[in-house]
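Structure first, commentary second.
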Amino acid sequence: MKAVGLNNLIKSLPGQQENQKQSLKHLKGSEFNNMLGDFIKGVNTDQLDSKQMVSDFVEGKDVELHEVMIAGQKAKTSLELLMQIRNKTVDMYKELTRM
């Protein structure tokens, strides 16, 4: 005899499928929102880290020049990527409003 999982029984109940579809749509939107929000927070963190490393280097603390340069380039690259995502999003919105 084959064991049937509890998830299979729940999926087969009437009315549950519609609720699952709605929750999946909500989940996908919130995942994108969380992903974008986390990325923006990451860019901000990179910027703040770079600023802190520069100030530590200028103050003469134990920070190597190559670490400062790497942090600066990482912050610059992540900011440029964020700007490109923003530009593509604005272009997409303009295209949708033209339809």
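Data overview
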quantity	calculated
Residue that is under 25 Å from ARG86 (Cβ atoms), modelled with pLDDT under 95 and surrounded by 10 or more Cβ atoms within 10 Å (Cβ to Cβ), where the choices are LYS11, LYS25, LYS51, LYS21	LYS25
Close pairs from region 55-70: first surrounded by 10 or more Cβ atoms within 10 Å (Cβ to Cβ), partner of a type in the set (A, V, I, L, M) and outside any helix (DSSP H, G or I), Cβ under 6 Å, at least 6 apart	ASP56/VAL63; PHE57/VAL63
Selection from region 66-99 of residues that are more than 18 Å from ASP46 (Cβ to Cβ) and part of a helix (DSSP H, G or I)	ASN87, LYS88, THR89, VAL90, ASP91, MET92, TYR93, LYS94, GLU95, LEU96, THR97, ARG98
Number of positions in region 45-66 that are closer than 13 Å to LEU79 by Cβ and over 30 Å from the mean Cα position of the chain (by Cα)	0
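The values are calculated or read from the model by the stated rules, or taken from the named source; none is laboratory data. Predicted, not measured: the structure shown is a model, and the values here were computed from it. In this analysis, Cβ positions are derived from the backbone assuming ideal geometry, glycine residues included, and neighbour counts consider all displayed protein chains.
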